[in-house]
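Colleague: Dropping a structure here in structure tokens format, bear with me for questions.
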Amino acid sequence: MLPARARRIVRSYYPLAILLAAALIVRLALTPLWAYLPNDFSDEGCWKDWMQAIHQHDLLNVFRTSDTDYVGYHYVLWLLTLVYGVIGGGYGHEVFRLHLLVKAPPVLFDLALIVATYAVSRSLFEEMRLPRVRAMALGAAAVVAFQPAVLYDSAVWSQTDSAVTLAMLLALFFAARGRTKLAFGVWAAGFLIKPHPIIILPVLLYPTWRRNARALLPGLATVAGVWLVGLGPWLLHGEAANLVRVYNRLFNADYQRLSAEAWNAWWFADVTLHPKPDQAVFSFVTYRMLGYLLTVSAGFLGLLYLHARANLRGALIAAAYLAFAFYLLPVSTHDRYLYPFLAFMLPVAVAEKRWRALYAVASVAFFFNLAVVAPPVHAFSGRWIGSPFTIGVAALNCALFGAFTVEIARVALPSPRALLRRSPRRARATAGGLPDEVR
């Protein structure tokens, strides 16, 4: 017989456990599907090739024996090779049992993201003093559990976006709670899987510096420690040059296109004019440079918003804005780069009605981006890429980001009336005791 307190805890989390079970069942039902990219390419084929390289040549030699562009995720693939060694079978791309196995980590990371969304949402709702906190937090977790884009990304496409987003969401949560070392440690672990967490680094650095600049040093030391542990075996094996090559390839990816199938601000020119990223837009300014400038500008605007709203809610909104900007503004971005927005913005959208339209429409548009680029039917592969439908969705994404920017700027930037109140002339007039009609 459990103690009364233990029974209360079990009853409290019983609905979440039921939700996780339902989310797992739906994902297991979808795992037999395939995501077909154009030219018969398959992302999960990369996992299988790298698993085979690890199986045949050992984990430490993966950079020498495969054309990999991932780093930390190879630990997960190494564990999969151990499991697959027990199951048995070849490493061919069409082996069905291997097809199911490579989807196991994304599905498990999905479940962890559901739990994290529940915890972060509950904390936010308590901070905002909302009623029915547990029920609302469970609703937010249910959105992650059954959202089509999240389901498709992991159970169909076997991607790792839930793992990276999980690390970023927890890093934001811990940073807002003043748990600097834990925040930076989780962030560093996510970065090892994929460098995508770089987009929220300003949202971690600025509040930490503002709260206590001295706390930055332990946080950065934690990052260095996590990276040393994660990369240490390869460094000792003499893979430093290969690691530099891989990260250089990731940070300087050039697909000779303005957009790597992301339906963003560059998609219109990409499918009609086909310019190269380093082609001049005007004078000496290239598409790549313009995209970089726009992204940096959006980053500063997001930080100004965070400065005005320095709490968990502000951090989530600022991070969601940076995630949207990273999908929409730089050149050569991928179709899946909007994924973190789904997690960052969700708790706020559940809490406040005015954000729900933005969240819902962006989620639907993002699902179409995934399903059209990598459809589950081979005959549909590449059929609608560049179609008027995709251009229309890109226009919709631009409109959503524009509305998001207006809302962020409304809080981040002072209004003309506020600037007038702060002007020296206004201050002197106020100090001189002039009548209201003169003021």
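Laboratory data are not the source of any read-out in this text; all were calculated from the coordinates shown. All of these numbers come straight from a predicted model, not from anything done at the bench. In this analysis, Cβ positions are derived from the backbone assuming ideal geometry, glycine residues included, and neighbour counts consider all displayed protein chains.
Colleague: Give me the net charge of residue 150's neighbourhood, meaning all other residues with Cβ under 15 Å from the Cβ of residue 150; Lys, Arg count +1, Asp, Glu -1.
Modeller: Working: positive: 27, 103, 336; negative: 110, 153, 161, 335.
Its environment carries a net charge of -1.
Colleague: Now, a different point. Rg over Rh of the range 171-227, using C-alpha atoms and the Kirkwood radius, what does it come to? Show your work: numbers first, answer last.
Modeller: Values: Rg = 10.0 Å, Rh = 10.8 Å.
When Rh is taken as the Kirkwood radius, the ratio is 0.93.
Colleague: Something else: What ³J(HN,Hα) values, in whole Hz, does the Karplus curve 6.51 cos²θ - 1.76 cosθ + 1.60 give for the range 31-39 when θ = phi - 60°, with x put for Gly and Pro?
Modeller: 4, x, 6, 10, 10, 9, 7, x, 6
Colleague: Write down, largest first, the equivalent ellipsoid semi-axes of the range 4-416 in whole Å, where each equals the square root of 5 times an eigenvalue of the alpha-carbon gyration tensor.
Modeller: After diagonalising the Cα gyration tensor, the semi-axes are 30, 28, 24 Å.
Colleague: Helix 133-146 sits at what angle to the longest principal axis of the chain, using alpha carbons and giving 0 to 90 degrees rounded to 10?
Modeller: Its long axis makes an angle of about 50 degrees.
Colleague: Residue farthest toward the positive end of the dipole of the range 4-416, with Cβ of Lys/Arg at +1 and Asp/Glu at -1: which of 368, 123, 65?
Modeller: 123
Colleague: Here's a follow-up. If I stretch the segment between residue 229 and residue 128 completely, what's the gain in nm (0.36 nm per residue apart, minus their alpha carbon distance), one decimal? Display every interim value, and only then the final one.
Modeller: Details: separation 101, 0.36 × 101 = 36.36 nm, distance 3.82 nm.
Length gained between residue 229 and residue 128: 32.5 nm.
Colleague: Less than 14 Å Cβ to Cβ from residue 107, Lys/Arg counted +1 and Asp/Glu -1: what total charge do the surrounding residues give? List each step's numbers first, then the result.
Modeller: Details: positive: 27, 103; negative: 44, 110, 153, 161.
Residues close to residue 107 contribute a combined charge of -2.
Colleague: Still on this structure, please answer the following. What net charge do the residues around residue 366 carry, taking every other residue with its C-beta under 13 Å from that of residue 366, with Lys and Arg at +1 and Asp and Glu at -1? Walk me through the numbers on the way to the answer.
Modeller: On the way: positive: 336; negative: 153, 161, 261, 335.
Charge balance near residue 366 sits at -3.
Colleague: How large is the translational diffusion coefficient of the range 28-168 in µm² per second when you combine the Kirkwood radius over alpha carbon pairs with Stokes-Einstein at 10 °C and 1.306 mPa s? All intermediate terms of the calculation are to be shown ahead of the outcome.
Modeller: Details: Rh = 16.5 Å.
It comes out at roughly 96 µm²/s.
Colleague: For the range 184-261 and the range 70-94, what is the centre-to-centre distance using only Cα atoms, to the nearest Å?
Modeller: 25 Å
Colleague: Separate question: About the Cα centre of the range 4-416, how large is the charge dipole given +1 on each Lys and Arg Cβ and -1 on each Asp and Glu Cβ? Please answer in debye to the nearest 20. Could you put the intermediate results ahead of the total?
Modeller: Details: 33 positive and 21 negative charges, 402 e Å.
Dipole of the range 4-416, to the nearest 20 debye: 1940 debye.
Colleague: Sorted by packing (mean other beta-carbon atoms within 10 Å per residue), highest first, where do 165-177, 71-83, 313-325, 215-227 land? Numbers along the way, then the final one.
Modeller: Values: 165-177: 23.9, 71-83: 18.1, 313-325: 25.7, 215-227: 15.8.
Descending packing order for the listed peptides: 313-325, 165-177, 71-83, 215-227.
Colleague: Here's something else I'd like to know. Relative contact order of the chain, please, whole-number percent, based on alpha carbon pairs below 8 angstrom and at least 6 residues apart. Walk me through the numbers before you get to the answer.
Modeller: Details: 577 pairs, mean separation 74.5, N = 439.
17 percent.
Colleague: Under 5 Å between amide H atoms, partner at least 5 residues away or on a different chain: which partners does residue 261 have, H built in plane at 1.01 Å?
Modeller: none
Colleague: By the gyration tensor of its Cα atoms, with a ≥ b ≥ c the square roots of the eigenvalues, what is the shape of the range 262-383: rounded for a/c under 1.5, prolate for a/b over b/c, or oblate?
Modeller: Numbers: a/c = 3.09, a/b = 1.20, b/c = 2.57.
Oblate, since a/c reaches 1.5 and b/c is not below a/b.
Colleague: Sticking with this structure for a sec: Considering only 302, 334, 282, whose Cα is most displaced toward the positive end of the charge dipole of the chain, charges sitting on Cβ of Lys, Arg (+1) and Asp, Glu (-1)?
Modeller: The listed residue farthest towards the positive side: 302.
Colleague: OK, next. Exactly which trypsin sites (Lys or Arg not before Pro) in the range 91-137 are in a DSSP loop and have at most 13 other Cβ atoms within 10 Å?
Modeller: On the way: sites: 97, 103, 122, 129, 132, 134; in loops: 103, 129, 132.
In loop regions of the range 91-137 (DSSP not H, G, I, E or B), the sparsely surrounded trypsin sites (Lys or Arg not before Pro) are 129, 132.
Colleague: Relative to the longest principal Cα axis of the chain, at what angle does helix 388-412 sit, 0 to 90 degrees, rounded to 10?
Modeller: Result, in degrees: 40.
Colleague: Quick one: grab the alpha carbon gyration tensor of the range 195-310, order the square roots of its eigenvalues as a ≥ b ≥ c, and give me rounded if a/c is under 1.5, else prolate or oblate depending on whether a/b is larger than b/c.
Modeller: Details: a/c = 3.02, a/b = 1.30, b/c = 2.31.
Note, shape of the range 195-310 comes out oblate.
Colleague: Run lengths n ≥ 4 of DSSP H only: what is the helix-derived mean residue ellipticity at 222 nm for the chain, with -39500 (n - 2.57) per run over all residues, to the nearest 500?
Modeller: Working: 21 runs with 299 residues, N = 439.
Here the helix-only value at 222 nm equals -22000 deg cm²/dmol.
Colleague: Next up: Can you list residues whose amide H is under 5 Å from residue 281's amide H, if they're 5+ apart or on another chain and H is modeled 1.01 Å from N?
Modeller: The list, which skips near neighbours in sequence, is 286, 287.
Colleague: Follow-up question, since we're still on this one. Please check which bits of the range 145-183 a label hung off residue 69 would reach, taking the label as a point 7 Å along Cα-to-C-beta and the cut-off as backbone N under 13 Å.
Modeller: It comes to no residues whatsoever.
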